[in-house]
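Worksheet for the structure shown next.
The values are calculated or read from the model by the stated rules, or taken from the named source; none is laboratory data. Predicted model, so just to flag it, every value in this text is computed and none were measured. A quick note on method: Cβ atoms are made from the backbone with ideal geometry, for glycine too, and the neighbour counts reach across all protein chains shown. Only protein heavy atoms, including side chains, enter the accessible area calculation; ligands, DNA and RNA are left aside. Shrake-Rupley method; radii C 1.70, N 1.55, O 1.52, S 1.80 Å.
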Amino acid sequence: MSEHNSDPTQAANTPAPQQPAVADRGQGATPDPDATVTQPVLGRDARLNPPGPFAIDHQQRVGPRPLDRPPVDPSSAAVFGRPAGVEGAFSPNAPAPAPIGTLTSTPPPPESLSSAFGRPPGESDVVLQRPPGARATAPQDDPMWTEDGFDPWRDPAAGAVIGPPALDREPDGSTTDTKRPPGGQLSLTEVLFGRRVKPLALGILGLVALLIGAVGGLVGWVVARGGDALTSDVTLAQAEAGKERPAGSVSDIAARVRPAVVSIEVRMEQGGGTGSGVLIDGAGYIVTNWHVVTLEGRADDKAKITTVFTDGTRAEAKLVGTDPKTDLAVIKVAVTNPTVLQFGNSDDLKVGDAVIAVGSPLGLTDTVTEGIVSALHRPVVAGGDNGQAPITYDAIQTDASINQGNSGGPLVDSTGALVGINSAIRSSGSGNTGSVGLGFAIPSNDAKRIAEMIIRDGKVKHADLGANVRSVSAETAEGAQVVNVTEGGAASRAGIAEGDVIRKLGDRQVRNAAELTVAVRSHQPGQTVPVVLARQGQELTIQVTLQSD
C-alpha cells in the first residue's frame, strides 16, 4: 500500500518520479518517448487491483498534453491583430459597482448630439414644442420666408399641436377669413315707395300672394264640407215650456220626503255596515231596522252609530231600543228643527197603489225608486241565526227597487205619508243579492206601535200563544199543527193539545206557521181571541187568552 503525505499542499507541489510512458499496452505497441507514466505500486490490495493493461493508479495521474500553437500568418496578424501599443483587451476593465443606495449620474452626452438635438441657447421650456401662435425670427435673405417674416407652412419652428388655422394675415393684422358685414335691409316704405323695386315686380308679387290665399281658402272650404258626411252645422230645437211637476208627482213627493231620510253608518272593531233610517219625531228619534244598527246581532256596546243627512250633515246617534222579533229599532240624534215624516194608515193600502222607496242602496245615498204595492199581508220569516228568534212580520210586498242599504228606509204612498219600513228582499239565488222586484216592508201601523213602546219603555212585549207549531197541508185543508205546548202557557190553559191543527186565529186565516205567528202578534197580551182548530177530523173553536212573551 502506498504512503500519502499528510500535508496536501506539499503533496500537490512535490513532483512524482517520472517513468517512460507507454502509449499502448497491447502486443506490438511502440513506446512514446514524450509520454510519462507513473509506476504502479502493489501492496496488500494487489489482489483487488492486479497488474495488467487495466491497472488503476490511485496515487498519481497523467498530466496535460503540451499546447500546440501553430505559427500565425503575417497577413492575418496585420488584419486581425491588436493595434500598436495595445497590450490587453480592447474594452477597459469595468469600474467597480457603486455601493447600494448611492445615486450615480449619467455621463453628459457628446457635444455633437447636444448641438444637433438639444434646446436652442437660452431656451428653458420643458417641452420642445412651441405653443400655438408662437413665431420664429425669419432668417435674412431667405427666399422661403414671406415679406413679414412669417409663413406657418415653411416655419420649421411651427408647433406640432392643434392650434389656430395657419392663414396669411392682412396688413391690418386680420386674417383672410374675416366675414363681410351684412348689407343694409330695405324697409317696407322703401320697397313700396322708394323705387328700390320695380313696380312690375311688386305687382307680380301681390298677384301671387292673392292667388295663394284664394287657393288655400278653396281647399279649406272643400275639406270642411266634404271631410265627414255625418257631421254638419246644426241647431237643435228646445222646448220653451218647463217640466210640469204637479202636486203629488214623484218629484214633488221625493222633494218633501228626502230631507227626513238619513244614511246610517255602523262601525265596530270587527267590521261595519250601512243602512237607512227615517226621522219620525222632532226630538230626533229615527226608526230603522234591527239588523242595521246591530249588524244582525253582531254589534256590541262599543259600536259607533253615525247618521248622515241629505245635506251632508253628520251626527252621532244613540241606540234607544230594539225589537229583534220584528226587525225594528229606534235611535236618537241631537238635531234642531229636523224634517220628519208622518205615519200613514197601512191598512188602507190596496194592491196596485203607487209607492216610493227612499234610502241608500249599496251606499248610494239619497236614492229614490218608484213602484206599486204588489201584495199585502205577506208573512216574511228571516234570520234566526246566532241564537236569535226568527224575524217574522206581516209584510207589504212591492216591486219598487230595494237593495242592500235600503233597509230601514221609508216606503211612502202617493201623499208622502209613511206606510212601511223597508226591510228585506228576495233574490233569485245563485249568489245574486240584487233586486228582482220582490221587496218587503214592515207595515207602518206595526212600526208605529212598536216604535212608541221602544221610545216609552225601551223594550217591546208581544202576545204569545205558548205553543210550537209547524206548517202542514192536506188535500182539503192546511194550517199550523201544534208540535208541543208550553206548560202553563196560553195554549195549555185553553186546552189546545199536541197534534191540533190551527186554521184561524181571530179574523186572520192561518195557512202556515208564519201566518199564525203574525196573527198572534197583531193582538195585545191579555187579549182573548177565538181560535179555530181541527182535531181528529172535527173543527173546534176555543177561546184563548194570550200571554206576553
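Among the residues of segment 242-299, the ones that are of a type in the set (S, T, N, Q) and within 17 Å of residue 368 (Cβ to Cβ) come to 4 in all. If you go through segment 301-319 and keep only what is assigned to a strand (DSSP E or B), within 21 Å of residue 455 (Cβ to Cβ) and open to solvent by 100 Å² or more (accessible area, probe 1.4 Å), you end up with 316, 318. Of the listed requirements (1) out of contact with any Asp or Glu (no Cβ under 8 Å at 6 or more places or on another chain); (2) open to solvent by 10 Å² or more (accessible area, probe 1.4 Å); (3) modelled with pLDDT of 85 or more, residue 374 misses just one: (1).
Only one of the numbered conditions (1) in contact with a Phe, Trp or Tyr (Cβ under 9 Å, 6 or more places away or on another chain); (2) assigned to a loop (DSSP other than H, G, I, E, B) is not met by residue 238, and that is (1).
When you check residue 475 against the structure, is it charged (D, E, K, R), modelled with pLDDT under 90 and either on the phi > 0 side of the Ramachandran plot or not in a strand (DSSP E or B) (or both), yes or no?
On the way: charged (D, E, K, R): yes; modelled with pLDDT under 90: yes; either on the phi > 0 side of the Ramachandran plot or not in a strand (DSSP E or B) (or both): yes.
Against the criterion (charged (D, E, K, R), modelled with pLDDT under 90 and either on the phi > 0 side of the Ramachandran plot or not in a strand (DSSP E or B) (or both)), residue 475 qualifies.
Taking the criterion of being under 34 Å from the mean Cα position of the chain (by Cα) and open to solvent by 10 Å² or more (accessible area, probe 1.4 Å), the residues of segment 252-278 that qualify are 265, 267, 268, 269, 270, 271, 272, 273, 274.
Select from segment 279-300 the residues that are outside any strand (DSSP E or B) and more than 40 Å from the chain's Cα centre (by Cα) and list them in ascending order.
Within segment 279-300, 280, 281, 282, 283, 284, 289, 290 meet the criteria.
Taken over segment 344-371, the residue count meeting the criterion of being part of a loop (DSSP other than H, G, I, E, B), of a type outside the set (D, E, K, R) and either touching an Asp or Glu at 6+ places or on another chain (Cβ under 8 Å) or within 24 Å of residue 512 (Cβ to Cβ) (or both) is 4.
So that you can scan it fast, the table gives a plain yes or no per residue for (1) open to solvent by less than 60 Å² (accessible area, probe 1.4 Å); (2) closer than 21 Å to residue 329 by Cβ; (3) polar (S, T, N, Q):
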{"position": "394", "(1), (2), (3)": "yes, yes, no"}
{"position": "409", "(1), (2), (3)": "yes, yes, no"}
{"position": "428", "(1), (2), (3)": "no, no, yes"}
{"position": "452", "(1), (2), (3)": "no, yes, no"}
{"position": "471", "(1), (2), (3)": "no, no, yes"}
{"position": "484", "(1), (2), (3)": "yes, no, yes"}
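Number of residues in segment 503-545 that are open to solvent by less than 40 Å² (accessible area, probe 1.4 Å) and part of a strand (DSSP E or B) equals 8.
Every residue in segment 438-450 that is open to solvent by 20 Å² or more (accessible area, probe 1.4 Å) and either without any contact (Cβ under 8 Å) to a residue 40 or more places away in the chain or closer than 27 Å to residue 504 by Cβ (or both), please. Before the answer, list the steps.
Just the residues of segment 438-450 that are open to solvent by 20 Å² or more (accessible area, probe 1.4 Å), to begin with: 438, 445-446, 448-449.
Across segment 438-450, the qualifying residues are 445, 446, 448, 449.
I'd like to know if segment 337-355 contains one or more residues that are small (Gly, Ala, Ser), surrounded by 17 or more Cβ atoms within 10 Å (Cβ to Cβ) and under 47 Å from the mean Cα position of the chain (by Cα). The answer is no, given that none of the residues of segment 337-355 is small (Gly, Ala, Ser), surrounded by 17 or more Cβ atoms within 10 Å (Cβ to Cβ) and under 47 Å from the mean Cα position of the chain (by Cα).
Taking segment 290-341, which residues are of a type in the set (D, E, K, R) and more than 21 Å from residue 367 (Cα to Cα)?
296, 298, 300, 301, 302, 304, 316, 318, 323, 325, 327, 332
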